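Read the structure below first, then the notes.
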There are 2 protein chains.
Amino acid sequence: MNGAESLVRTLLACGVDTCFANPGTSEMHFVAALDAVPGMRCVLGLAEGVVTGCADGYGRMALKPAATLLHCGPGFANGIANLHNARRARSPVVNIVGDHATYHRPYDPPLASDVQGLARPVSDWVRSSQDSVTVGRHAAAAVQAALTPPGQVATLILPADASWSEGAEVASALPPPARRVVDGRHVRDIAAVLQRRQPTVILLGDDALGERGLAAAERVAQATGARLRATGQVRRMARGHGRPAVDRVPYALEKALEVFAGVRHIVLVGARAPVQFFAYPGKPSVVYPPDAELHTLAELDEDQVGALEALAEGVGGTQGGVSAQPARGGSLPRGPFTHEGFGAVFESLLPENAVVADDAVTSGRQLFGHTFNAAPHEWLQITGGAIGHALPCATGAAVGAPGRKVVCLQADGGGMYSLQALWTQAREKLDVVTVIFANRAYRILQGELLAVGAKPGAASKDLFDLGRPALDWTMLAAGMGVEAARADTLEAFADLFTAACARRGPFLIELEA
Amino acid sequence: MNGAESLVRTLLACGVDTCFANPGTSEMHFVAALDAVPGMRCVLGLAEGVVTGCADGYGRMALKPAATLLHCGPGFANGIANLHNARRARSPVVNIVGDHATYHRPYDPPLASDVQGLARPVSDWVRSSQDSVTVGRHAAAAVQAALTPPGQVATLILPADASWSEGAEVASALPPPARRVVDGRHVRDIAAVLQRRQPTVILLGDDALGERGLAAAERVAQATGARLRATGQVRRMARGHGRPAVDRVPYALEKALEVFAGVRHIVLVGARAPVQFFAYPGKPSVVYPPDAELHTLAELDEDQVGALEALAEGVGGTQGGVSAQPARGGSLPRGPFTHEGFGAVFESLLPENAVVADDAVTSGRQLFGHTFNAAPHEWLQITGGAIGHALPCATGAAVGAPGRKVVCLQADGGGMYSLQALWTQAREKLDVVTVIFANRAYRILQGELLAVGAKPGAASKDLFDLGRPALDWTMLAAGMGVEAARADTLEAFADLFTAACARRGPFLIELEA
């Protein structure tokens, strides 16, 4: 058996049965092994940023890694931005990166590059198999690494000769470590802090934002008067009526400072101390008062849900507080896009059990808070700030959560980084409704320029303007085989969105925002 | 003066007056400085691969660097693939990469990443300015590095506080070193080798492929019986009638071996020993006989043209050989795409003084040899194998060589990596005719799978198929504001290409290939 075949068989033995791929010549034996060994679903992406963004969305929904198949250094590099997002989400991902044959590498052929050097900044685990014998063992270790709590990006570099040489063996799955259990005494210490009933925010991230974690957190809040907040970026959050309406730490500094004003204690659960996304001249980096005490209930790799449930018991929290209510019926807002209006429409029409992928940037910043009363759903957000995330994330989420409607909220500027994902949606007939917020600007940057105290001039006006020429997303989508239509008003959007949700398969709405 | 303003003023003082940009928040002060200081032409790209590919094309034509403006680590990473190509072309490029403020970085905000680690594999020179005082000095050093022969990629990382803090100073231009002159005795030694008239190939790359270098090389060949070859990838080559018809080292191993069969001497001029692009099981990495002697006339950073002219004099080469002839008139081939037919049409219709950007992959592999008799033109090729190069390279070349018609030859698979370049062409009204070779497959990989001895199966057939769904490039182009039409036959192509060349501004032809 050659290295490539041992790799495919080992991945399957470890439960990895989906491969997002953009192969090249050095990966030909891996591709040949995919031909020879049944059981791996291969999903082609026409750019590597699509491939890695898909793996992120898949990992968040399937709770296990997909493999990616990427070509040498430059191919891997094209996927780095969405691996950065995946890593910030702690999504499990196993990258397989082909490289030149070990003996060919010293000749420095045109495509030779420092793959390890490129991989390290976005990988928690990197190995290069120098011969076929080690490939299976490395593959099992890569999957184990990806599944190590809270989830990691593992990158296995596969030189062509390690792939094509014989003598390889299939390795057995290696069990990943379980999440560490939080010590009962530590939980009691935090309970004692909360029972002092001083102004406290419990900051929830990671696993704590699932249905059970949120329910336990709500019981704690009800019993102690602490307020709940989600991190500014959420990997995967359970939301909608019947669930606690927990808002995020706002992006804007002034609003974030308001949230934490007067707070004496911050209890961190799968979250780190809240900091600003960017620094601004003369403004603080952290958004909480200097004298606030930070308490970590559960680290990222610990059992956050168990700790929250123990804490709820410790503080005598027997029932939750007020959950979100079903969205009111009646007439929906009409007319041009407004944040409130769109929020109300979206809240009313979002299908039950939907998965929302959110990279709407300025157009979506208020949407999170406006849609707590929607039907129960889950929210996946861009976590690392590398824009263009929602299109591939939604695509991968649809592969990882079959049977659920996926709604992709994508700003137009970011969307142009990864529009190729639409082709994969069409090819795989994925059940994704994409909303492009077409404001025809890098609107966030218009705000950021003011935030740093500068006055817009000719160069900046030009550099932030996406309207010359205007992008036509209905044509872009049609060019990749996805049906699309444009909505200039909220009522037009409501009609299109309702129709798109009622059918299966991809559809794109370009919304004038 | 703040760091950002000193940066813009220093770049201008060093002759860098063009900036390909995709800015983000950490670059806001740089953008504000662009507003404040006149003289820098800013060209927006909607993805960073477009930005860096533009800088490559611009550098090849303008013979000086453009600046790129890129956002933090993931933004930079999106540009790595075309920086890899630029570096293999030895194009001069100055990257300006914004990053978090130095004091904000330790908080590890979501977008924080190892920018230096990502920059190093594709940069010959990397610096990070830790305060505003050093920015101007670093900028002048970056331009000097970019212009250091044979051309380099320089990356300057600009933390936001180095950008916004006062106390900065404009630095003066630093003269780059000249190309080293090749010693006369060394030239005479090589002349002596050639005068033995044993089977010899002179391998030309880099500067040697310009008009003067080729003319001198032709005189050497005429006088000594040596054969001329260009490297497998050419940065910028003077071609067309009146110029020597020098073919490249073929991509396919068997054909490359034929070129060098029986060769006793290989004289390298701005070129390295010829190696295979990829290794294949049981096949050699180098394409020349083991007993062939390698002689370097001029290294990459040496004066290759001067050395060739001295060599021509040394071997008594007073006149060149047979140059290419004007393409025959008469009727052009008709019917569906063939390599020969397309070559004949393209050779006849290519406008004089055109710049051709070539990433046509399989569809274009024979085109180079079929078009020596075209009107005089220059040929820019993808050099590093990171596909999707021609679209941005042509875009940047059009900025760097105003008044010349640029023809972009792009395979459809690669084109999907960087289609966003079309929008920049429309926005800047650049004079680029793009030909998309629509074979709706990763056809090169179909061949490569066979080359490694594998038999195509279901997975590989699927992974190499771009026809499900078919991409519609006329819609993709129109969605970005570029007029486009489809040609199913060579005669339809001829009509469209003639019309597109007769007018100014971008046009795209999707050619059924």
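Please find, among B:467, B:505, the residue that is outside any helix (DSSP H, G or I), more than 21 Å from residue A:24 (Cα to Cα) and in the same structural domain as residue B:434 (by TED's automatic domain parsing). Talk me through it step by step, then tell me what you get.
Details: B:467 fails: more than 21 Å from residue A:24 (Cα to Cα).
Residue meeting the stated conditions: B:505.
Can you confirm whether residue B:374 is touching a residue at least 40 places away in the same chain (Cβ under 8 Å) and in contact with a Cys (Cβ under 7 Å, 6 or more places away or on another chain)?
On the way: touching a residue at least 40 places away in the same chain (Cβ under 8 Å): yes; in contact with a Cys (Cβ under 7 Å, 6 or more places away or on another chain): no.
Spelling it out, it is not the case that residue B:374 is touching a residue at least 40 places away in the same chain (Cβ under 8 Å) and in contact with a Cys (Cβ under 7 Å, 6 or more places away or on another chain).
Report, by residue number, each residue of segment A:86-115 that is more than 8 Å from every other protein chain (Cβ to nearest Cβ) and of a type outside the set (A, V, I, L, M, F, W, C).
First, pick out the residues of segment A:86-115 that are more than 8 Å from every other protein chain (Cβ to nearest Cβ): A:86-87, A:89-99, A:102, A:105-106, A:112, A:115.
Answer for segment A:86-115, where residues must be more than 8 Å from every other protein chain (Cβ to nearest Cβ) and of a type outside the set (A, V, I, L, M, F, W, C): A:87, A:90, A:91, A:92, A:95, A:98, A:99, A:102, A:105, A:106.
Do we find a residue being out of contact with any Cys (no Cβ under 9 Å at 6 or more places or on another chain), part of a helix (DSSP H, G or I) and more than 26 Å from residue A:350 (Cβ to Cβ) anywhere in segment A:205-219?
Going residue by residue through segment A:205-219, those that are out of contact with any Cys (no Cβ under 9 Å at 6 or more places or on another chain) are A:205-219.
Now narrow it down to the ones that are part of a helix (DSSP H, G or I): A:206-209, A:211-219.
Narrowing the set further to residues that are more than 26 Å from residue A:350 (Cβ to Cβ) leaves A:219.
For segment A:205-219, residues out of contact with any Cys (no Cβ under 9 Å at 6 or more places or on another chain), part of a helix (DSSP H, G or I) and more than 26 Å from residue A:350 (Cβ to Cβ): present.
Which of the residues that make up segment B:315-356 are outside any helix (DSSP H, G or I) and within 21 Å of residue B:404 (Cβ to Cβ)?
Just the residues of segment B:315-356 that are outside any helix (DSSP H, G or I), to begin with: B:315-338, B:350-356.
Hits for segment B:315-356 are B:324, B:326, B:327, B:350, B:351, B:352, B:353, B:354, B:355, B:356.
Assess whether residue A:63 counts as being of a type outside the set (Ser, Thr, Tyr) and surrounded by fewer than 24 Cβ atoms within 10 Å (Cβ to Cβ). Outline the logic, then answer.
Details: of a type outside the set (Ser, Thr, Tyr): yes; surrounded by fewer than 24 Cβ atoms within 10 Å (Cβ to Cβ): yes.
In short, yes.
Considering only residues of segment A:1-35 that are part of a helix (DSSP H, G or I) and surrounded by fewer than 22 Cβ atoms within 10 Å (Cβ to Cβ), which is nearest to the other protein chains (Cβ to nearest Cβ)?
Step one: filter segment A:1-35 for residues part of a helix (DSSP H, G or I), giving A:3-13, A:25-35.
Right, trim to surrounded by fewer than 22 Cβ atoms within 10 Å (Cβ to Cβ) and you get A:12-13, A:35.
Working: A:12: 13, A:13: 18, A:35: 3 Å.
Among residues in segment A:1-35 that are part of a helix (DSSP H, G or I) and surrounded by fewer than 22 Cβ atoms within 10 Å (Cβ to Cβ), the one nearest to the other protein chains (Cβ to nearest Cβ) is A:35.
Being at pLDDT 95 or above and within 19 Å of residue A:242 (Cα to Cα), is that true of even one residue in segment A:321-344?
yes
Need the failing condition index for residue A:437 against (1) closer than 30 Å to residue B:30 by Cα; (2) part of a loop (DSSP other than H, G, I, E, B), just the number.
Among (1) closer than 30 Å to residue B:30 by Cα; (2) part of a loop (DSSP other than H, G, I, E, B), residue A:437 violates only (2).
Residues are listed down the side, and each one gets a yes or a no for (1) over 15 Å from residue B:480 (Cα atoms); (2) touching a residue at least 40 places away in the same chain (Cβ under 8 Å); (3) in a helix (DSSP H, G or I):
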position	(1), (2), (3)
A:413	no, yes, yes
A:418	no, yes, no
A:422	yes, yes, yes
A:425	yes, yes, yes
A:430	yes, yes, no
A:446	yes, no, yes
A:450	yes, no, yes
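If you scan segment A:10-33, which residues turn out to be more than 22 Å from residue A:423 (Cα to Cα) and within 28 Å of the chain's Cα centre (by Cα)?
Let us first name the residues in segment A:10-33 that are more than 22 Å from residue A:423 (Cα to Cα), namely A:10-16, A:25-30, A:32-33.
Of everything in segment A:10-33, those that are more than 22 Å from residue A:423 (Cα to Cα) and within 28 Å of the chain's Cα centre (by Cα) turn out to be A:10, A:11, A:12, A:13, A:14, A:15, A:16, A:27, A:30.
Can you name the residue in segment B:448-468 that is closer than 17 Å to residue B:277 by Cα and surrounded by 14 or more Cβ atoms within 10 Å (Cβ to Cβ) and, of all such residues, is farthest from the other protein chains (Cβ to nearest Cβ)?
B:451
For residue B:362, state whether it is modelled with pLDDT under 95, surrounded by fewer than 22 Cβ atoms within 10 Å (Cβ to Cβ), part of a helix (DSSP H, G or I) and of a type in the set (Val, Ile, Thr). Don't jump to the end; show me each part of the working.
Details: modelled with pLDDT under 95: yes; surrounded by fewer than 22 Cβ atoms within 10 Å (Cβ to Cβ): yes; part of a helix (DSSP H, G or I): yes; of a type in the set (Val, Ile, Thr): yes.
It is true that residue B:362 is modelled with pLDDT under 95, surrounded by fewer than 22 Cβ atoms within 10 Å (Cβ to Cβ), part of a helix (DSSP H, G or I) and of a type in the set (Val, Ile, Thr).
Just to check your reading of the model, which residue among B:67, B:55, B:62 is more than 9 Å from chain A (Cβ to nearest Cβ) and under 21 Å from residue A:113 (Cα atoms)? Working first, answer last.
Numbers: B:67 fails: under 21 Å from residue A:113 (Cα atoms); B:62 fails: under 21 Å from residue A:113 (Cα atoms).
When all the criteria are applied, what remains is B:55.
Name every residue in segment B:39-60 that is surrounded by fewer than 23 Cβ atoms within 10 Å (Cβ to Cβ) and either closer than 25 Å to residue A:280 by Cβ or touching a Leu at 6+ places or on another chain (Cβ under 9 Å) (or both), in order of residue number. I'd like the intermediate steps shown before the answer.
Narrowing segment B:39-60 to residues surrounded by fewer than 23 Cβ atoms within 10 Å (Cβ to Cβ): B:39-42.
Those that are surrounded by fewer than 23 Cβ atoms within 10 Å (Cβ to Cβ) and either closer than 25 Å to residue A:280 by Cβ or touching a Leu at 6+ places or on another chain (Cβ under 9 Å) (or both): B:39, B:40, B:42.
Return yes when residue A:124 is without any contact (Cβ under 8 Å) to a residue 24 or more places away in the chain and either within 20 Å of the chain's Cα centre (by Cα) or surrounded by fewer than 24 Cβ atoms within 10 Å (Cβ to Cβ) (or both) and no when it is not. Reasoning before the result, please.
Values: without any contact (Cβ under 8 Å) to a residue 24 or more places away in the chain: no; either within 20 Å of the chain's Cα centre (by Cα) or surrounded by fewer than 24 Cβ atoms within 10 Å (Cβ to Cβ) (or both): yes.
The answer is no for residue A:124.
For segment A:180-191, indicate whether the set of residues that are under 26 Å from the mean Cα position of the chain (by Cα) and surrounded by fewer than 17 Cβ atoms within 10 Å (Cβ to Cβ) is non-empty.
Checked against the condition, which is being under 26 Å from the mean Cα position of the chain (by Cα) and surrounded by fewer than 17 Cβ atoms within 10 Å (Cβ to Cβ), segment A:180-191 yields at least one hit.
Considering segment A:495-513 alone, what residues qualify as being over 27 Å from residue B:23 (Cβ atoms) and surrounded by fewer than 20 Cβ atoms within 10 Å (Cβ to Cβ)?
A:495, A:498, A:499, A:501, A:502, A:503, A:504, A:505
Check segment B:36-49 and report whether any residue there is more than 24 Å from residue B:166 (Cα to Cα), in a helix (DSSP H, G or I) and under 27 Å from the mean Cα position of the chain (by Cα).
yes
Looking at (1) part of a loop (DSSP other than H, G, I, E, B); (2) among the small types (Gly, Ala, Ser); (3) under 24 Å from residue A:501 (Cβ atoms), which is the only condition residue A:454 fails?
For residue A:454, the exception is condition (3).
When you go through B:111, B:118 one by one, which is the residue that is assigned by TED's automatic domain parsing to the domain that holds residue B:31 and in contact with a His (Cβ under 8 Å, 6 or more places away or on another chain)?
On the way: B:118 fails: in contact with a His (Cβ under 8 Å, 6 or more places away or on another chain).
Matching residue, one of B:111, B:118: B:111.
May I ask you to say which residue of B:392, B:402 is of a type outside the set (D, E, K, R), more than 10 Å from chain A (Cβ to nearest Cβ) and in a loop (DSSP other than H, G, I, E, B)? Spell out the reasoning first.
Values: B:392 fails: in a loop (DSSP other than H, G, I, E, B).
Selected residue: B:402, the only one of B:392, B:402 that is of a type outside the set (D, E, K, R), more than 10 Å from chain A (Cβ to nearest Cβ) and in a loop (DSSP other than H, G, I, E, B).
Does any residue of segment B:369-384 turn out to be of a type outside the set (Ser, Thr, Tyr), in a helix (DSSP H, G or I) and crowded, with 20+ Cβ neighbours inside 10 Å?
Keep residues of segment B:369-384 that are of a type outside the set (Ser, Thr, Tyr), which gives B:369-370, B:372-382, B:384.
With in a helix (DSSP H, G or I) added as a condition, the list becomes B:369-370.
Filter once more, so that each one left must be crowded, with 20+ Cβ neighbours inside 10 Å: none.
Within segment B:369-384, not a single residue is of a type outside the set (Ser, Thr, Tyr), in a helix (DSSP H, G or I) and crowded, with 20+ Cβ neighbours inside 10 Å.
Could you grab me the full set of residues in segment B:377-405 that are under 17 Å from residue B:43 (Cα atoms) and of a type in the set (Val, Ile, Thr)?
First, the residues of segment B:377-405 that are under 17 Å from residue B:43 (Cα atoms): B:391-402.
Hits for segment B:377-405 are B:395, B:399.
Quick one: is residue A:279 free of Cβ contacts under 8 Å to residues at least 24 places away in the same chain, in contact with a Ser or Thr (Cβ under 9 Å, 6 or more places away or on another chain) and part of a loop (DSSP other than H, G, I, E, B)? Write out each step before concluding.
On the way: free of Cβ contacts under 8 Å to residues at least 24 places away in the same chain: yes; in contact with a Ser or Thr (Cβ under 9 Å, 6 or more places away or on another chain): yes; part of a loop (DSSP other than H, G, I, E, B): yes.
Yes; evaluated as a whole, the condition is true for this residue.
Quick check on segment B:437-445. Is at least one of its residues in contact with a strand residue (DSSP E or B) (Cβ under 7 Å, 6 or more places away or on another chain) and modelled with pLDDT of 95 or more?
Within segment B:437-445, the subset in contact with a strand residue (DSSP E or B) (Cβ under 7 Å, 6 or more places away or on another chain) is B:437-438, B:441.
Then drop every residue that is not modelled with pLDDT of 95 or more, which leaves B:437-438.
Yes, because at least one residue in segment B:437-445 is in contact with a strand residue (DSSP E or B) (Cβ under 7 Å, 6 or more places away or on another chain) and modelled with pLDDT of 95 or more.
The values are calculated or read from the model by the stated rules, or taken from the named source; none is laboratory data. All figures in this text were calculated on a predicted structure; none of them were measured in a lab. All Cβ positions, glycine included, derive from the backbone under ideal geometry; neighbour counts span all protein chains shown.
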